[in-house]
Amino acid sequence: MDKTIAKNKTSFSTNGQTTKKTSKRVDVLKTYKNYIGGQFPRTESGRYYVPTNAHGEQLANICLSSRKDFRDSVVAARGAFKGWAGRAAFNRGQILYRIAEMLEGRKAQFIEELIKQDSTKSNAQKEVNLAIDRLVYYAGWCDKYQQLFGTVNPVASSHFNFSVPEPTGVVAAIAPQDTSLIGLVSIIGPAIAGGNTMIILASENKPLCAVSFAEVLNSSDLPGGVVNILTGKPGELVTHFVTHMDVNSIIYCEPDPQTQKDIQEKSAINVKRVHFHSSVNWFTNKGQSPYFILDTQEIKTTWHPIENIGGGGSKY
Amino acid sequence: MPIKTKTKSKSNHTPKLKFNTGWEYAPAPESKSHIKLKDQYDLFIGGKFVKPQSGRYFDTINPATEEKLASVAEANTTDVDRAVKAARQAYEKVWKKMPAAERAKYIFRISRMIQERAREFAVIESMDGGKPIKESRDVDVPLAANHFFYYAGWADKLEYAFPNRIPSSLGVAGQIIPWNFPLLMAAWKIAPALAAGNTVVLKPAETTPLTALKLAEVIQESGLPEGVVNIITGFGATGADMVYHPDIDKIAFTGSTEVGKIIQKAVAGTNKKVTLELGGKAANIIFDDAPIDQAVEGIINGIYFNQGHVCCAGSRLFVQESVYNIVLRKLKDRIETLIVGDPLDKNTDIGAINSQGQLESIRKYISIGQKEGAEMFQSSCPIPKKGYFMRPTLFTNVSQSHRIAQEEIFGPVLAIQTFRTDDEVIEKANNTPYGLSAGVWTDKGSKIFNITTKMRAGVVWANTYNKFDPTSPFGGYKESGYGREGGLHGLSAYLKI
C-alpha cells in the first residue's frame, strides 16, 4: 500500500498531463463526478474546473455544478426523505455502521487522495481513521438521541403527553472548505443519523475525497438520494441553496460574516433553519456531538386523553 | 381450508373453520448440517477454554429427543474464583483504561459476528432449549445481536445519558441467566456491562449452556481482550459461589423470585450492586371494544410464545363478560390450530418443554387447577412420543384464590377470569405479588392510558404483547424484581452515577 502511495506522489497523472512515469503501465484515471439520487452523473452544465494543490499540481477535472444540478439533487433528496425518515432508527444505525465498514476497507484510496491534497501521510491516516470512528459514533446515536431529547411531559390535566424529535427534512450543506474528508463526514453523519436527507457541496479546493466518499455511500445500503454530493464553487451555488423553496435547513461552515448575513436573510423565504459551524475544529472531539443531530430535528408533541386519572369510580 | 357452514344454525355461531380435514403440513425441518458442536465444552476463562478444577462434567440434552448434545464443565468454587480473578485482572489492566470508543468497537464486532453466524446460533438454541426455530431465528438471535449493537453505541456516550454526572464503571459483574432465552439473556447482561466498562463472569443455566459457549467462541474470535468476558457453566451451587464471591461488584440475576430473594439476602451488608429480573403472573386484559381477532392472537402469543417459558407471559387472561363467549370460542378454535412438535420444524408453534423437571412442574399445576375446581381445555393435537411436550392448555372457571391464578407456572397454561368494570379488572389484575408486565386490549386510546397508568407492572403492552427492543427498558415492580434491562435505564445498572 505504502508503495503505491509513494509512487502516485511522484507522478500526479491526472488530467492527462503526466509529469513523471515510474511504471510502463498507463494508469487508468478516475473521472470525478457528482452523486445525485444514487447515480454518478456529470454536471448537466458540462462545465469543469481544475483545483490545484499547494505545489501547483492539478488534481483532476472536477464538475463545476450548476443550479440545475442542485435542483435535481433536491428532487432526489425529497424523494428519498419519506423512506429514510421512516426507517427504523436501528436500521439507520446499521447502515451508518456499514458506511464505516466500507470506508475502513478503502482507507488506502482516501489516504492517497488526502496526500495529493497536501496532507502528510500521518495526518492523512489520522483523518481517515477519525472519519471512520466518527461514522461509528453517529451510527450509535441513531437510536439513542431520541432518548435524550424526547420527553414525557407531566401536564396538569388528564393527558398522556410526550415529545419526540423528528427529522427536519431536506438539508442543504456546504462542507467545511479546509478539509477534504473529515469536515464532510462530520456534517453528513449527524444529518442522516437523524433521518434527514441532504445535498452537500464538497470543499472547492479539496474535492477528491467527497467524490470517493460518494462511492463508499453507494456501496453501503444507503438508499439513493439520501446523500447527494456536488462539486463546484460555493460562491456560485450558495444563493441557490438558500433560496430553494424545498430545502428545510442550511448548514454553512465558513467564518465569512457577509455570506452568513446573506444566508440568514435569504433563508427567511421559507423559514429555513440556519446553522453555522465556523468555529468547530472537526479534528477534535468538539467535532462530534448529539447536539449536531438536534440541529436538524423538529420536536413533535402528542396529547392523548387518559380516562379518569383521579381513579375514582368506573365510567359505567 | 374448507369451511363448514351450518345452514340451520340455532345460535349466533358464525361459520367455523374445520381443522380435522386430513390436511397436514409436510415436515420442514431446519438443517443441522452447518452447525459445529463439540462433544465437550470447558470453562471459558481468561480468553481460553480451560478444564474445570472440579474435574466434573455434566450432559446437556435436547429436550425434544432426550438425546445428549454435549457434556459441559461444572465450575466449582475454585473455578469461580479463577474466573473472577481473570475478570478483575482484565478490568484493572485493560478494559478500564481502554478509550470508550475503542471498547465500543469490540462490542460492535460481537454484534456483527452474531449476525454472521445467526443461523448456527438459532439452530443450536432450538436444539438445546426446545424453542421453535421460527422463534429462535426471528426473535432470540436477531434481538441478541441488536442488543450488542445498541449498547456498543452507548460506550462513548455515557456522559450524555446521565446529565450532570460523570458515570464510572463498577468493576466485575457476576451474571446469572435463565434457560428460557439463553443467548438473548446473555446479550442483555453482557452488552450493557461491557459498554459501561465492566468485565463479566457469566453463568448460563445448566439445561441451556450451548449458545453461551458458542458466544464465548465468538468473543474469542472478536479479539476482545482476554478475561473481559468469562463464561462458566454449572448448577445453582456455581451461581451461589458467584453471589458470595467477595471480589464481585455487581450481581445481575434473571430467574425465579425464590432464588432472587435468596440473593438479595445473601448480598446484604456487602457493597454489591444488584439487579433482579424475577417471575411474573401478568394480566392480559380484553375489553369488549377490543378488536377481538387481534386480541385472540395477542392472547395466544402472550401465553404460548416459547412454550409459556416467559417471565412476562400473559398467564392470567381477563375478559370483559360481554365478550367472554366469543373470545373463549375463538381462543379454543385458535388453540386447535397450534402445531406442537419438533422445535427445528419451521411450522412448529410450540416446541419442547425445556426439561423433564419443568414438565413435571407444569403437570403438577395442571392437576392442582383441576382439583381446585377450574375447568380445563386442551388442544387435541398429537404430540411426539419422545421428548418433553405439553399441549396448549387453558382453564376457565378460575377464581382469584386458585393457585393457577396466583403462582407462576412457566408453561403453556392460561388461567381465564372475567370482569365487568374497569375498576374491577384493575383491582384483580394488580392482586398479585408480581408486577412484571401486563397487556390491555381496547380500541379506545383513553382507556389504554387509564389502564397502563393503573397497572403496577414494569412493562405494559397495549394492543400488542411480548414485544422487546434493545432501546426499551424491561423489568418489574414488586416481587418481579428491581432494576431495568434495555434502553437508557439498563445502563445505570452497570454504572456508578
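Of the residues in the stretch B:445-465, how many are more than 14 Å from B:Ala282 (Cα to Cα) and more than 8 Å from chain A (Cβ to nearest Cβ)?
Counting residues in the stretch B:445-465 that are more than 14 Å from B:Ala282 (Cα to Cα) and more than 8 Å from chain A (Cβ to nearest Cβ) gives 2.
Being buried (at least 16 other Cβ atoms within 10 Å of the Cβ) and either at pLDDT 95 or above or in contact with an Asp or Glu (Cβ under 6 Å, 6 or more places away or on another chain) (or both) narrows it down to one of A:Asn123, A:Asn91, A:Asn53, so name that one. Full working, then the answer.
Numbers: A:Asn123 fails: buried (at least 16 other Cβ atoms within 10 Å of the Cβ); A:Asn91 fails: buried (at least 16 other Cβ atoms within 10 Å of the Cβ).
Residue meeting the stated conditions: A:Asn53.
When you scan the stretch A:177-287 for helices (runs of 4 or more DSSP H) that lie fully inside it, which ones turn up with 2 or more residues that are surrounded by fewer than 20 Cβ atoms within 10 Å (Cβ to Cβ)?
Numbers: elements: A:182-193, A:208-218, A:234-243, A:257-267.
Output list reads A:208-218, A:234-243, A:257-267.
In the set A:Ala80, A:Ala108, A:Ala131, which member is more than 10 Å from chain B (Cβ to nearest Cβ), in contact (Cβ under 8 Å) with a residue 12 or more places away in the chain, more than 30 Å from B:Gly487 (Cβ to Cβ) and not in a loop (DSSP other than H, G, I, E, B)?
On the way: A:Ala80 fails: more than 30 Å from B:Gly487 (Cβ to Cβ); A:Ala131 fails: more than 30 Å from B:Gly487 (Cβ to Cβ).
The unique qualifying residue is A:Ala108.
Within the stretch A:14-35, work out how many residues are surrounded by 13 or more Cβ atoms within 10 Å (Cβ to Cβ), under 32 Å from the mean Cα position of the chain (by Cα), of a type in the set (S, T, N, Q) and at pLDDT below 90.
Residues flagged as surrounded by 13 or more Cβ atoms within 10 Å (Cβ to Cβ), under 32 Å from the mean Cα position of the chain (by Cα), of a type in the set (S, T, N, Q) and at pLDDT below 90 within the stretch A:14-35 amount to 2.
Looking at (1) within 30 Å of B:Arg316 (Cα to Cα); (2) without any contact (Cβ under 8 Å) to a residue 40 or more places away in the chain; (3) touching a helix residue (DSSP H, G or I) at 6+ places or on another chain (Cβ under 7 Å), can you tell me which one B:Ala187 breaks?
(2)
Only residues that are surrounded by fewer than 18 Cβ atoms within 10 Å (Cβ to Cβ) and in a loop (DSSP other than H, G, I, E, B): list them for the stretch B:449-467, please.
If the condition is that a residue be surrounded by fewer than 18 Cβ atoms within 10 Å (Cβ to Cβ) and in a loop (DSSP other than H, G, I, E, B), then B:Arg456, B:Asn463, B:Thr464, B:Lys467 are the ones that fit.
Are any of the residues in the stretch B:233-245 touching a Ser or Thr at 6+ places or on another chain (Cβ under 8 Å) and more than 14 Å from chain A (Cβ to nearest Cβ)? Outline the logic, then answer.
Start the filter on the stretch B:233-245 by keeping residues that are touching a Ser or Thr at 6+ places or on another chain (Cβ under 8 Å), which leaves B:241.
From what's left, more than 14 Å from chain A (Cβ to nearest Cβ): B:241.
Yes.
Looking only at residues that are at pLDDT 95 or above and of a type in the set (A, V, I, L, M) in the stretch B:452-490, which one is farthest from B:Ala252 (Cα to Cα)?
B:Ala462
Residue by residue, here is whether (1) at pLDDT 95 or above; (2) within 22 Å of the chain's Cα centre (by Cα); (3) assigned by TED's automatic domain parsing to the domain that holds B:Gly314; (4) part of a helix (DSSP H, G or I) holds:
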position	(1), (2), (3), (4)
B:Val200	yes, yes, no, no
B:Ala205	yes, yes, no, no
B:Glu221	yes, no, no, yes
B:Gly227	yes, no, no, no
B:Ala240	yes, yes, no, yes
B:Pro246	yes, no, no, no
B:Phe253	yes, yes, no, no
B:Gly260	yes, yes, no, yes
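Which residue is surrounded by the most Cβ atoms within 10 Å (Cβ to Cβ), if the candidates are limited to the stretch B:75-103 and must be farther than 14 Å from B:Gly171 by Cα and out of contact with any Leu (no Cβ under 9 Å at 6 or more places or on another chain)? Give the derivation first.
Start the filter on the stretch B:75-103 by keeping residues that are farther than 14 Å from B:Gly171 by Cα, which leaves B:75-82, B:99-103.
Then keep just the ones that are out of contact with any Leu (no Cβ under 9 Å at 6 or more places or on another chain); that gives B:76-78, B:80-81, B:99, B:101-102.
Details: B:Asn76: 18, B:Thr77: 16, B:Thr78: 12, B:Val80: 29, B:Asp81: 17, B:Pro99: 11, B:Ala101: 17, B:Glu102: 11.
Here the answer is B:Val80.
If you take the residues of the stretch B:173-192 that are among the small types (Gly, Ala, Ser) and either surrounded by fewer than 24 Cβ atoms within 10 Å (Cβ to Cβ) or farther than 24 Å from A:Phe149 by Cα (or both), which of them is nearest to the other protein chains (Cβ to nearest Cβ)?
Just the residues of the stretch B:173-192 that are among the small types (Gly, Ala, Ser), to begin with: B:173-174, B:186-187, B:191.
Then keep just the ones that are either surrounded by fewer than 24 Cβ atoms within 10 Å (Cβ to Cβ) or farther than 24 Å from A:Phe149 by Cα (or both); that gives B:173-174, B:186-187.
Details: B:Ala173: 21, B:Gly174: 27, B:Ala186: 20, B:Ala187: 14 Å.
The selected residue is B:Ala187.
Filter the stretch B:142-172 down to residues that are over 24 Å from the mean Cα position of the chain (by Cα) and of a type in the set (Ser, Thr, Tyr) and give me whichever is nearest to the other protein chains (Cβ to nearest Cβ).
Residue satisfying both the conditions and the ranking: B:Tyr160.
What's the number of the condition B:Thr233 fails, among (1) part of a helix (DSSP H, G or I); (2) within 23 Å of the chain's Cα centre (by Cα)?
Condition not satisfied by B:Thr233: (1).
Okay, residues lined up against (1) surrounded by 21 or more Cβ atoms within 10 Å (Cβ to Cβ); (2) within 29 Å of A:Asn129 (Cβ to Cβ); (3) more than 15 Å from the chain's Cα centre (by Cα):
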position	(1), (2), (3)
A:Gly86	no, no, yes
A:Ala100	yes, yes, no
A:Phe110	yes, yes, yes
A:Glu113	yes, yes, yes
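Whether any residue in the stretch B:124-141 is more than 10 Å from chain A (Cβ to nearest Cβ), polar (S, T, N, Q) and more than 22 Å from B:Ser169 (Cα to Cα) is what I want to check. If you could, list the steps in order and put the result at the bottom.
Applying the first criterion (more than 10 Å from chain A (Cβ to nearest Cβ)) to the stretch B:124-141 yields B:124-141.
Going one step further and asking which of them are polar (S, T, N, Q), we end up with B:126, B:136.
Subset that is more than 22 Å from B:Ser169 (Cα to Cα): B:126, B:136.
Yes, there is a match, as at least one residue in the stretch B:124-141 is more than 10 Å from chain A (Cβ to nearest Cβ), polar (S, T, N, Q) and more than 22 Å from B:Ser169 (Cα to Cα).
Return the residues of the stretch A:134-152 that are more than 11 Å from every other protein chain (Cβ to nearest Cβ), touching a helix residue (DSSP H, G or I) at 6+ places or on another chain (Cβ under 9 Å) and polar (S, T, N, Q); say none if nothing qualifies. Walk me through how you get there before you give the answer.
As a first pass, look at the stretch A:134-152 and keep what is more than 11 Å from every other protein chain (Cβ to nearest Cβ): A:135, A:151-152.
Filter once more, so that each one left must be touching a helix residue (DSSP H, G or I) at 6+ places or on another chain (Cβ under 9 Å): A:135.
None - no residue of the stretch A:134-152 is more than 11 Å from every other protein chain (Cβ to nearest Cβ), touching a helix residue (DSSP H, G or I) at 6+ places or on another chain (Cβ under 9 Å) and polar (S, T, N, Q), so the list stays empty.
Given (1) of a type outside the set (S, T, N, Q); (2) in contact with a Cys (Cβ under 8 Å, 6 or more places away or on another chain); (3) crowded, with 21+ Cβ neighbours inside 10 Å; (4) within 14 Å of chain B (Cβ to nearest Cβ), identify the lone condition not met by A:Asp69.
(4)
If you check B:Asp140 against the conditions, is it farther than 22 Å from B:Tyr41 by Cα, in contact with a helix residue (DSSP H, G or I) (Cβ under 7 Å, 6 or more places away or on another chain) and acidic (Asp, Glu)?
On the way: farther than 22 Å from B:Tyr41 by Cα: yes; in contact with a helix residue (DSSP H, G or I) (Cβ under 7 Å, 6 or more places away or on another chain): yes; acidic (Asp, Glu): yes.
Yes; evaluated as a whole, the condition is true for this residue.
From (1) closer than 30 Å to A:Ala139 by Cβ; (2) more than 13 Å from chain A (Cβ to nearest Cβ); (3) buried (at least 24 other Cβ atoms within 10 Å of the Cβ), pick out the condition that doesn't hold for B:Ser111.
Exception for B:Ser111: condition (2).
Can you pull out every residue in the stretch B:153-168 that is of a type in the set (S, T, N, Q) and either at pLDDT 95 or above or part of a helix (DSSP H, G or I) (or both)? Break it down into steps so the answer makes sense when it comes.
Step one: list which residues in the stretch B:153-168 are of a type in the set (S, T, N, Q), which gives B:164, B:168.
B:Ser168 - this is the single residue of the stretch B:153-168 that is of a type in the set (S, T, N, Q) and either at pLDDT 95 or above or part of a helix (DSSP H, G or I) (or both).
Pairs under 7 Å by beta carbon, first residue away from chain B (no Cβ under 14 Å) in the stretch A:153-180, partner among the basic types (Lys, Arg) and surrounded by 21 or more Cβ atoms within 10 Å (Cβ to Cβ), six or more apart or different chains?
A:Thr179/A:Lys206; A:Ser180/A:Lys206
With the checklist (1) among the polar types (S, T, N, Q); (2) farther than 17 Å from A:Met198 by Cα; (3) under 16 Å from the mean Cα position of the chain (by Cα) in hand, flag the one item A:Ser279 doesn't pass.
Status for A:Ser279: all satisfied but (3).
The values are calculated or read from the model by the stated rules, or taken from the named source; none is laboratory data. Not measured: the values here are computed from a predicted model. Methodologically, a virtual Cβ is constructed for each residue, glycine included, from the backbone with ideal geometry; neighbour enumeration extends over all protein chains shown.
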